[in-house]
1. Suppose the chain between residue 61 and residue 21 were pulled fully straight at 0.36 nm per residue; how much longer would it get relative to their current alpha carbon spacing?
2. What's the extension gain from residue 45 to residue 3 if we count 0.36 nm per residue and subtract their Cα-Cα distance?
3. What order, most packed first, do the peptides 40-50, 8-18 have when packing is the mean number of other Cβ atoms within 10 Å of each residue?
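Just so you know, all these numbers are worked out from the coordinates, no wet-lab data involved. Please read all numbers here as calculations on a predicted model, not as lab measurements. All Cβ positions, glycine included, derive from the backbone under ideal geometry; neighbour counts span all protein chains shown.
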Amino acid sequence: MADGQVVLVTTEPLGGGSPVRSVYFVAEQDPEKAKAIIGEMMAPNEKVEAWGRLPETAVKALGLRPGDFIIIGVRRRISRPRVHKPSFALLNCSASRSANSR
């Protein structure tokens, strides 16, 4: 495990008014990668900034795995969606069932 990053997101309300700020703890040592992890789910009116280092002890205490993040004020870890590819056995099993049902 390594250090993480504190990432600040500033949302400019579309209808005007004061910006809303959200703080994320990201289990990614590189500031640019941490910004990218958070930025991929943000809207165009949201500014993402790497604010600073999150010590490894904090990353461990929060139970974050590499690539995970937590929004400050939210009490659950958020994992990045991972792409799951079906295994050959699963595909083979499906093909056997359709062949047997003919």
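1. Working: separation 40, 0.36 × 40 = 14.40 nm, distance 2.38 nm.
Going from the current span to full extension adds 12.0 nm.
2. On the way: separation 42, 0.36 × 42 = 15.12 nm, distance 2.86 nm.
This chain segment gains 12.3 nm when fully extended.
3. 40-50, 8-18
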